[in-house]
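I have placed the structure first, in the form of structure tokens, so that the comments after it can refer back to it.
Every number here is computed from the coordinates shown, using simple stated rules; none is lab data. Owing to the predicted nature of the structure, the values given are computational and were not obtained by experimental measurement. Glycine gets a Cβ as well: all are built from the backbone with ideal geometry, and neighbour counts include every protein chain shown.
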Amino acid sequence: MNPHTVKTYDEELHLLDKKIAQMGGLAEHNLGQAFDALQKRDPRLADLVIVADHTIDVLEKEVEELVIQIIARRQPMANDLRQIMAAMRIANDLERVGDLAKNIAKRAGAIADEPHPKPVISGLGHMVEMALKQLKLALDAYAERDAERALKVWQDDQQIDAMYNSLFRELLTYMMENPRNIGISTHLLFGAKNLERVGDHTTNIAETVYYLVTGKPIGEERPKSDTTSQMLVQQGDR
Amino acid sequence: MDMSTVEHAMLTPSATSAPASGTKVTARACNVYYGEKHALKDVSVDIPERSITAFIGPSGCGKSTFLRCINRMNDTIASCRVTGKIEIDGQDIYDPALDVVQLRARVGMVFQKPNPFPKSIYENVAYGPRIHGIAKSKSDLDEVVISSLEKAGLLKEVKDRLNDSGTGLSGGQQQRLCIARAIAVSPEVILMDEPCSALDPIATAKVEELMDELKANYTIIIVTHSMQQAARVSQRTAFFHLGNLVEVGDTRQIFTNPKEQRTQDYITGRFG
Ligand SMILES: Nc1ncnc2c1ncn2[C@@H]1O[C@H](COP(=O)(O)OP(=O)(O)OP(=O)(O)O)[C@@H](O)[C@H]1O
Ligand SMILES: [Mg+2]
């Protein structure tokens with residue numbers, strides 16, 4: 001893209017991208033580390049995540065401030081306008097991802113001393129992997145202004161939903177096996193729900209990138225397959 | 001055929017296509033030459049009635065030239081030659097049988113620099129209706145003057161000094177006086193060439209508010225160098241570059257998602 005006649009304008013837009021990239025990197029890192037803390041039963045690692053989340057919050061404030069400044073001083077138009085609105089929305093989503101990672105870290109601390117159900121933990125592990133892969137793809141799509149890749153991320157969110165559904169079912173069964181399992185299962189269930197929410201924020205980012213690049217909304221309603229809101233404990237589950 | 005002609009052919013009605021309904025002004029394959037200089041190149045566009053259309057583009061791209069085609073002001077420039085077709089309500093305005101004085105009553109113009117006559121405020125507005133025989137009596141004329149000043153949003157400020165000289169008003173007031181003068185002859189189309197470039201933000205806001213009210217009854221075309229002004233006041237925007245009409249579309253679309261790279265570069269401040 002051609003540079004602006006006013007060079008400082010380009011510098012401000014680059015700064016915005018840099019901050020988003022920084023936020024994205026931190027959000028990915030914290031999410032991965034939150035799961036590590038859970039899996040390794042390491043409350044110290046969990047605390048690190050909780051502390052590091054503050055940096056994401058600060059960056060989000062900085063992005064917001066910069067966006068307001070650019071709107072006030074430069075009256076952005078067309079792709080510039082889309083770009084700064086995109087930056088603001090993505091910063092919002094990344095801040096939420098940070099919060100969700102922090103929440104997982106807190107739960108990791110809470111259940112560090114409990115016996116872990118192996119299959120559920122490994123299911124969560126796959127979900128984290130998938131969530132991280134999706135987030136990375138969405139952030140790459142942003143960095144490279146790649147609408148195709150954004151669309152792919154948007155479509156693939158279904159896979160995270162499917163993983164969540166199956167973990168939900170598994171945890172219900174585990175709880176029914178022994179009421180003593182209910183405490184830890186509830187924490188793990190919220191953990192899974194958090195990851196499902198990360199997937200939704202990632203999807204938002206993909207939508208934003210798609211609009212940024214094409215100037216058009218991403219199209220029909222997103223395929224959504226989190227069906228747990230209609231799930232009940234069935235006799236047969238026992 | 002170079003790229004610009006290809007884009008152009010896709011974006012604007014072809015030289016033979018029928019105007020869209022609700023169209024006030026239709027230009028087809030309009031070219032303007034000043035001697036050897038080809039200032040406007042093959043412009044075809046439909047201007048919708050009762051709405052505001054903004055012309056934007058870098059200095060020298062032909063905005064004023066095209067605007068002047070619409071009331072045949074270019075006729076007054078000796079070296080100037082216009083080809084192609086311009087119609088208002090389907091009537092060819094370059095038809096030799098057409099009365100140019102009549103045409104200019106239908107198509108009023110407001111210029112960049114407010115240019116009131118060195119006469120009273122009253123006379124500035126009364127002049128047009130008088131020469132076009134619009135008012136039959138003195139009281140008719142009074143009524144036209146008062147209602148034009150009212151519509152131009154100036155009456156409150158000048159009603160106690162209608163006999164003072166128009167040149168004694170502030171710049172913003174003078175510009176609204178010129179707008180009152182333009183609407184006094186009940187034009188159908190009002191052409192405005194950078195009408196706010198000499199005005200402060202408050203006077204500018206008043207003129208913009210006025211344009212917004214006027215668009216209920218008039219077709220307005222405004223040339224402006226302020227992207228924000230074009231975005232604020234117009235429903236459609238046309239972008240000119242080097243004598244070509246590069247892109248024309250809904251103002252909302254042009255300023256959020258222009259189709260052409262040149263439009264995008266211009267409105268985001270990435271030009272040359
Ligand atoms: N009377 C004239 N005689 C010769 N050339 C002219 C005349 N008027 C305009 N031109 C030329 O025609 C081209 C278009 O001029 P025009 O005044 O239409 O530009 P514009 O888009 O209105 O620019 P600006 O934004 O500076 O008012 C320019 O290259 C200009 O030099
Ligand atoms: Mg001009």
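Between the amide H of B:Arg270 and those of A:Thr5, distances stay under 5 Å, these residues lying 5 or more places away or on another chain, with hydrogens modeled in the peptide plane.
How high is the relative contact order of chain A? Use alpha-carbon pairs under 8 Å, at least six apart in sequence, and give a whole percent. Relative contact order, chain A: 24 percent. Of all beta bridges DSSP finds with both residues in chain B, what is the antiparallel percent, to the nearest 5? Roughly 60 percent of the beta bridges in chain B run antiparallel, per DSSP. Of all lysines in the structure, those lying under 30 Å Cα to Cα from A:Lys19, and not within fewer than 8 positions of it along the same chain, are A:Lys7, A:Lys61, A:Lys102, A:Lys106, A:Lys133, A:Lys136, A:Lys152, A:Lys193, A:Lys216, B:Lys259. The A:Lys136 and B:Ser59 beta-carbon pair, evaluated with R₀ = 60 Å, returns a calculated FRET efficiency of approximately 0.80. With the highest mean first, a sort of the peptides A:98-106, A:147-155 on other beta-carbon atoms found within 10 angstrom per residue produces A:98-106, A:147-155. Taking the 0 to 90 degree range and rounding to the nearest ten, how far is the long axis of helix A:7-40 tilted relative to the main principal axis of chain A, both from C-alpha atoms? In chain A, helix A:7-40 runs at an angle near 10 degrees to the longest axis.
Residue-wise HN-Hα couplings along segment A:116-122, as the Karplus relation 6.51 cos²θ - 1.76 cosθ + 1.60 with θ = phi - 60° gives them from phi, are 8, x, 3, x, 5, 4, 6 Hz; Gly and Pro carry x. Each of B:Gln235, B:Ile179, B:Gly90 was placed along the dipole of segment B:3-267 (beta-carbon charges, centred on the mean Cα), and the one lying farthest toward the positive end is B:Ile179.
Candidates A:His116, A:Ala37, A:Asn103 compared by Cα position along the dipole of the protein assembly as shown: farthest toward the positive end lies A:Asn103, with charges placed on Cβ. Relative contact order, whole percent, for segment B:181-242 stands at 40, derived from Cα pairs under 8 Å and 6 or more residues apart. As a proxy for reagent exposure, ranking B:Thr251, B:Thr53, A:Thr55 by other Cβ atoms within 10 Å from fewest up yields A:Thr55, B:Thr251, B:Thr53.
Its relative contact order, with pairs defined as Cα atoms under 8 Å and 6+ residues apart, puts chain B at 26 percent. Secondary-structure-derived ellipticity at 222 nm for the protein assembly as shown, considering helices only, amounts to -19000 deg cm²/dmol, per-run term -39500 (n - 2.57) for DSSP H runs with n ≥ 4.
For the protein assembly as shown, the share of DSSP beta bridges that are antiparallel, to the nearest 5, is 60%. Thinking of segment B:84-225 as a set of Cα atoms, what percent of all their pairs are more than 28 Å apart? Result for the distance tail: 17 percent. The charge dipole of chain A, taken about its Cα centre with unit charges on the Cβ atoms of Lys, Arg (+1), Asp and Glu (-1) only, comes to about 220 debye. If only the Cβ of Lys and Arg carry +1 and only the Cβ of Asp and Glu carry -1, the dipole of the protein assembly as shown around its Cα centre is close to 920 debye.
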